[in-house]
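Worksheet: the structure to be examined is printed underneath.
The values are calculated or read from the model by the stated rules, or taken from the named source; none is laboratory data. Not measured: the values here are computed from a predicted model. Methodologically, a virtual Cβ is constructed for each residue, glycine included, from the backbone with ideal geometry; neighbour enumeration extends over all protein chains shown. When the accessible area is computed, the model is the full protein with side chains, heavy atoms only, and any ligands, DNA or RNA have been set aside. Shrake-Rupley method; radii C 1.70, N 1.55, O 1.52, S 1.80 Å.
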Amino acid sequence: MALKIVKGSIDRMFDKNLQDLVRGIRNHKEDEAKYISTCIDEIKQELKQDNIAVKANAVCKLTYLQMLGYDVSWAAFNIVEVMSSSKFTYKRIGYLAASQCFHESTDVIMLTTNQIRKDLSSPNQYDTGVALTGLSCFVTPDLARDLANDIMTLMSHTKPYIRKKAVLIMYKVFLKYPESLRPAFPRLKEKLEDPDPGVQSAAVNVICELARRNPKNYLSLAPLFFKLMTSSTNNWVLIKIIKLFGALTPLEPRLGKKLIEPLTNLIHSTSAMSLLYECVNTVIAGHDVNGSPFLPPFSLALFLFLRFQLCVQKLRILIEDSDQNLKYLGLLAMSKILKTHPKSVQSHKDLILQCLDDKDESIRLRALDLLYGMVSKKNLMEIVKKLMLHVDKAEGTTYRDELLTKIIDICSQSNYQYITNFEWYISILVELTRLEGTRHGHLIASQMLDVAIRVKAIRVFAVAQMATLLDNAHLMTGNVQRKGICEVLYAAAWICGEFSEHLENPMQTLEAMLRPKVATLPGHIQAVYVQNAAKLFATLLKNQEGNTDRTAAQETSQLMIDRLPLFVQSANLEVQERASCILQLVKYIQKLQQKDVEVAEEVIALFAGELNPVAPKAQKKVPVPEGLDLDAWINEPPSESESEDEQPKAIFAKEEPKHSRARHTEVDEKELAKRREARKQEQANNPFYIKASPSSQKVYQEAPGVEHIPVVQIDLSVPLKVPGLPMSDQYVKLEEERRQKERVEKKKKEKKKRKEKRGGRGKKHDSGPESEEDITPAHMVDIVTEEMPEDKKSSKHKKKKQKREKEEKEKKKKKKHHHHHHHSDGGGEESVQNGTVEEEEPLPVSVCHQSFTEIDIQGNLQDGSQVVVSVIFENKCDNFLKTMEFNVLDSLNSKLQRPEGSGPHDGLSVPFQLPPETRSSGTLRLSVFVIVFPQNEDSSTHEKLDFKLHFTCSSYLITTPCYSDAFAKLLESGDLKCSSVRLEGVNMPFHHLLARICFHHHFSVVERIDSCASMYSRSIQGHHVCLLVKTSGQTVSIDAKCDEPTLLGNVLDEIKQTFSQC
Amino acid sequence: MIRFLLLFSRQGKLRLQKWFTAISEREKKKIIRDMTTMVLARQPRTCNFLHWKDLKIIYKRYASLYFCLAIENQENELIALEVIHRYVELLDKYFGNVCELDIIFNFEKAYFILDEFLIGGEIQETSKQIVNRAIEASDMLQEGDSSEWFEVELFG
């Protein structure tokens, strides 16, 4: 023995220890991997030895190698060996290695349970501590279940060192094994008042984490925490408690009131920034909640407001601080306020704009977030100008892309509310196209399209800009890096084509669009190029034929015929298709031209009709087709003799409001005309209203200041830039001028007025700053939200489509009311709930074989009167089932739970579609009022797929575990009625019999002794059902007790039936 | 709750890692790579906070070492900075003017100190004295073990 040890220690002298290993790795920088692999081989040898010291040393080295990224999972068992050493030195290393290397799927963890239990109960507190620490890292559900009791005991250990560790580990145990929370909670709560501050703060930590997940269970602790908050001086603990209150106040508004004073005191008194920040954050988060759900008395409301203002003031101090961290946090908190109180943030605009210039990117990003909420008509241009400067300076594409999206976000928010000059905006967009390597080309493109379509007055300008872009397309396509930006060309080509009548030099643009280089663009852009070249061609023809200059027109056709073949060869299908179509068209036109036939009118008719934006809810405006009466019966109503004869009427009465819009036609003509007049008046006064008639154009031309925008100047002033591309900066100046002029005009008017009035206190007004409302936008945006233009001509084609859709719908509706015969192989045996499934099929003539099988009826414990039924729908036919409706007629005792607002007879739409030959499951909820009878009602009335739901009493039972002592108490209580039943000829093993009862009738076995077992279950309304099952030979006797004899009788009958079937 | 703590050098070499939730090795490696590139790319004298996925990353540089802490979204950033600082103070107290090499060569000690300060992602002890006392006591115990072991070796 001694020799062996001596031999071992001699070996050890040659072993590397951890320091040697680290040094070795540092000395082998070039061939580190090779060195480490030899080290690992050595370690493997060391692990084979019996000497625990050698093993521990090896494991320690492995832990280091694990950190360097080497896989050491193969040594898991050796780690367990070292963990179970009786020496603290090695145990410590073993547990450290385990906590670094073990995870839930490490299988040797199973072997550690007993070792850990032993260590937890060790007389040495450091053994216990080390085990607890290790456990916190690798606890699995199994370990949590097995050790929960041991750890719970440790929460009351005599040493605070162990108590606080145990309390904190308990949280991990709760996460892995939630059942342990209930028994451990009283003790955890007790620890909140532990004499040791460390244990106390540990308990606060754990409860805070728990409360964050499920606050409502912890409301009762509020008074205790309130006491802690007012007495504690430990900032770490205070922050946790304040966080906890932050989670609780939304549930209990009165708490917010109570917190005002201590929080305000803390804000005023604390010197710790972390605590101040936490208080301010909580106040901000709570402000909304405190304000809205209940109306506080005025004094309190004022107080709340003042407190809120105090917080905002404190935030300002944070942002002004030279410490970048505080600045960042201040901005972060501001962005939380922005959502609820934008006004409070706007007053700090100066400060936030300053932050845009900060050298720290994180701070700039936070400030950018805030900008969104603080722009106004007045400062938009100024802010965007600043952002554009940043775009130029920005290094790194991510920040630049962020800037780009922010600029577009800010400008386009709430329907371009803050843009007063769209020429400025278009030129900003054009400037943004010069960005290198941005990913957001499509974003710019969609903005260009949107503005050009909706702001009619801007089209002339936009078209000129887009033509320049097309002309300079090589700038965008030349560089591979600029791939993203070429999306802009999509918008440019479309705008130039669609609004080609505004082009100054259409021939040049047409040539630009047909350049061979275009073929290098992505397919979808080429397609737009080709299509819009055709539009341009049409416009050109018209111009040229008007000039009676035939050769020019023929030259244009020739240009098309020369260039289009390039696109006909395109690999992209759409490009090819469009190009060959148009090519043939042009060839035909050329033929006609040679015969001196005027073709321009016909060609232009191809693209006639203006495209207008359509509101999402435009459909409502479409009148009901003539001769269709939505209220008329399509099928005869159900016969009067039926008991619930009034129901069908009720259905339609309920639905009436839905049709009210369509039924407007019934209102007499006078009333209609009157309304239309009023609406027109309203629209005329609303500058943001879509105006389909050309009147908006006039409005624009009459608008003051527009003639002040000399587009021509732009080229001259920026010779260094790409010719023709405007500089947005100019518009800032121009806009200033325009506003100045407006102001002067306004003043004049006001003066006139005042003169008429003779005197007044006008001077104040004159010198006062320009207010938001004073700024009138130079262009109007068509805003499409809810309404449709009254003028129906403008959207002819759209309407046709809508009509068609409507008709189709009607067809479907009619079909719905036809009676189809459907098969049902549904699962109900005898007792019945009747219901229907209505379906819409895409094909009119076909008998649909759809089936559904009820599989499971389960009571819901949360709500004593709710039953959840899972239903499987299976489509057995070849057609796609698009919509299905599911309905159960309410009976006296049960009711289908429908979404709020639907009538008592509306069906539930099934939330999925069924492709052929597939099945899918859905659930429906029923309210049941009395559960002691099985539901039994008489059968179905009308249509579609009838089905039955079988509600047995057993389905109201819920498997509830019960301990034998509680069971015994229950039986002793004497409140239960007794009943019994005997089953003869049951030929199955006893445990099968029990399993059968458990499975079919939702019982659980409380206790089993030989051939005798006690079972328990509970109904969803809380009735206890106890069974005593005995068997002898083939006879089974069941004695049962329940507090509701009817339920008991029915359950027993059902059990009897279960066994009679087998 | 704290999700993890990483210590790495200016060259991006990992010096210490502590994961408070179970994460697979592959995921760990990815996170470590993300953290080192993100944190090392930061300019000097910028703020110490970053957003990464749904976590807040709080980092601080002490000499050649970066301490990088990930906390959940509702946690307080300033307290996290305080945690980092407190850990550095504890290391400093234990090693006496701690430097990167101390942590490299005694990395297990650095873990032991951390384990007395944080457990399961929560702060275990806010008092420096109590943490130090616990470490000292454990070390005493360890020395007791080793001397005993030598005896066995010599006379066993």
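Filtering region A:170-210 down to residues that are open to solvent by less than 10 Å² (accessible area, probe 1.4 Å) and hydroxyl-bearing (Ser, Thr, Tyr), which residue is farthest from the other protein chains (Cβ to nearest Cβ)? Across region A:170-210, the extreme among qualifying residues is A:SER180. With respect to the conditions (1) open to solvent by 30 Å² or more (accessible area, probe 1.4 Å); (2) more than 9 Å from chain B (Cβ to nearest Cβ); (3) within 18 Å of A:ILE52 (Cβ to Cβ); (4) among the basic types (Lys, Arg), A:LYS91 falls short on a single one, namely (1).
Has region A:354-361 got any residue that is within 14 Å of chain B (Cβ to nearest Cβ) and open to solvent by less than 10 Å² (accessible area, probe 1.4 Å)? Yes, region A:354-361 contains a residue that is within 14 Å of chain B (Cβ to nearest Cβ) and open to solvent by less than 10 Å² (accessible area, probe 1.4 Å). Has region A:1009-1030 got at least one residue that is in contact (Cβ under 8 Å) with a residue 12 or more places away in the chain, out of contact with any Lys or Arg (no Cβ under 8 Å at 6 or more places or on another chain), open to solvent by 80 Å² or more (accessible area, probe 1.4 Å) and outside any strand (DSSP E or B)? No, there is no match, as no residue in region A:1009-1030 is in contact (Cβ under 8 Å) with a residue 12 or more places away in the chain, out of contact with any Lys or Arg (no Cβ under 8 Å at 6 or more places or on another chain), open to solvent by 80 Å² or more (accessible area, probe 1.4 Å) and outside any strand (DSSP E or B). Note on region A:952-975: residues that are polar (S, T, N, Q) and under 12 Å from A:VAL1025 (Cα atoms) amount to 3.
Every condition in (1) more than 14 Å from chain B (Cβ to nearest Cβ); (2) at pLDDT 90 or above is met by A:ASP31 except one, and the failing one is (2).
Only residues that are hydrophobic (A, V, I, L, M, F, W, C), open to solvent by 40 Å² or more (accessible area, probe 1.4 Å) and in a helix (DSSP H, G or I) were counted across region A:560-591, and they come to 5. When B:VAL131, B:VAL88, B:VAL98 are checked against the criterion of being at negative phi and within 11 Å of chain A (Cβ to nearest Cβ), B:VAL131 stands alone in meeting it.
Out of B:ILE79, B:ILE31, one residue alone is closer than 23 Å to B:ILE113 by Cα, among the β-branched types (Val, Ile, Thr) and buried (at least 17 other Cβ atoms within 10 Å of the Cβ). It is B:ILE79. If you scan region A:592-609, which residues turn out to be exposed (fewer than 14 other Cβ atoms within 10 Å of the Cβ), in a loop (DSSP other than H, G, I, E, B) and within 47 Å of the chain's Cα centre (by Cα)? Within region A:592-609, A:LEU606, A:ALA608, A:GLY609 qualify.
For region B:113-128, residues that are more than 7 Å from every other protein chain (Cβ to nearest Cβ) and within 12 Å of the chain's Cα centre (by Cα) total 6. Restricted to region B:45-63, and to residues there that are outside any strand (DSSP E or B) and open to solvent by 10 Å² or more (accessible area, probe 1.4 Å), the residue that is farthest from the other protein chains (Cβ to nearest Cβ) is B:ALA63. Restricting attention to region A:230-258, the residues that are away from every other protein chain (no Cβ under 14 Å) and either open to solvent by less than 10 Å² (accessible area, probe 1.4 Å) or over 20 Å from A:VAL283 (Cβ atoms) (or both) add up to 2. If the Cβ limit is 6 Å and pairs must be 6+ apart or interchain, which residue in region A:574-601 that is of a type in the set (Lys, Arg) pairs with which residue that is assigned to a loop (DSSP other than H, G, I, E, B)? Every condition considered, no pair remains. Among the numbered conditions (1) closer than 30 Å to A:VAL451 by Cα; (2) within 46 Å of the chain's Cα centre (by Cα), tell me where A:LEU628 comes up short. For A:LEU628, the failing item is (1).
Residues that are β-branched (Val, Ile, Thr) and at the interface with chain A (Cβ under 9 Å from one of its Cβ atoms) were ranked within region B:22-44; the one that is farthest from A:GLU209 (Cα to Cα) is B:ILE32.
Once region A:316-331 is narrowed to residues that are hydrophobic (A, V, I, L, M, F, W, C) and within 14 Å of chain B (Cβ to nearest Cβ), the residue that is surrounded by the fewest Cβ atoms within 10 Å (Cβ to Cβ) is A:LEU326.
Hey, does region B:22-38 have a residue that's more than 26 Å from A:ALA272 (Cβ to Cβ) and under 13 Å from the mean Cα position of the chain (by Cα)? No; the residues of region B:22-38 include none that is more than 26 Å from A:ALA272 (Cβ to Cβ) and under 13 Å from the mean Cα position of the chain (by Cα).
Here A:SER376 passes the criteria (1) open to solvent by 60 Å² or more (accessible area, probe 1.4 Å); (2) in contact (Cβ under 8 Å) with a residue 60 or more places away in the chain; (3) polar (S, T, N, Q) except the one numbered (1). Checking each residue in region B:112-132 for being buried (at least 21 other Cβ atoms within 10 Å of the Cβ) and touching a residue at least 60 places away in the same chain (Cβ under 8 Å) picks out B:LEU118, B:GLY120, B:GLY121, B:GLU122.
Taking B:LEU65 as the residue in question, decide whether it is farther than 26 Å from A:ALA202 by Cβ and touching a residue at least 40 places away in the same chain (Cβ under 8 Å). Judged against the criteria, B:LEU65 is a match. Just one of the listed residues (A:SER85, A:SER105) is free of Cβ contacts under 8 Å to residues at least 12 places away in the same chain, within 13 Å of another protein chain (Cβ to nearest Cβ) and either under 28 Å from A:LEU154 (Cα atoms) or not in a helix (DSSP H, G or I) (or both), namely A:SER105. Going by the structure shown, is A:MET334 more than 14 Å from chain B (Cβ to nearest Cβ), at pLDDT 85 or above and within 23 Å of B:HIS51 (Cα to Cα)? The answer is yes for A:MET334.
Tell me which residues, restricted to region A:136-161, are of a type in the set (Gly, Ala, Ser) and either farther than 14 Å from B:GLY120 by Cβ or open to solvent by 30 Å² or more (accessible area, probe 1.4 Å) (or both). Break it down stepwise before answering.
If we filter region A:136-161 for residues that are of a type in the set (Gly, Ala, Ser), which is where we start, we get A:136, A:144, A:148, A:156.
Listed by number, the residues that qualify are A:ALA148, A:SER156.
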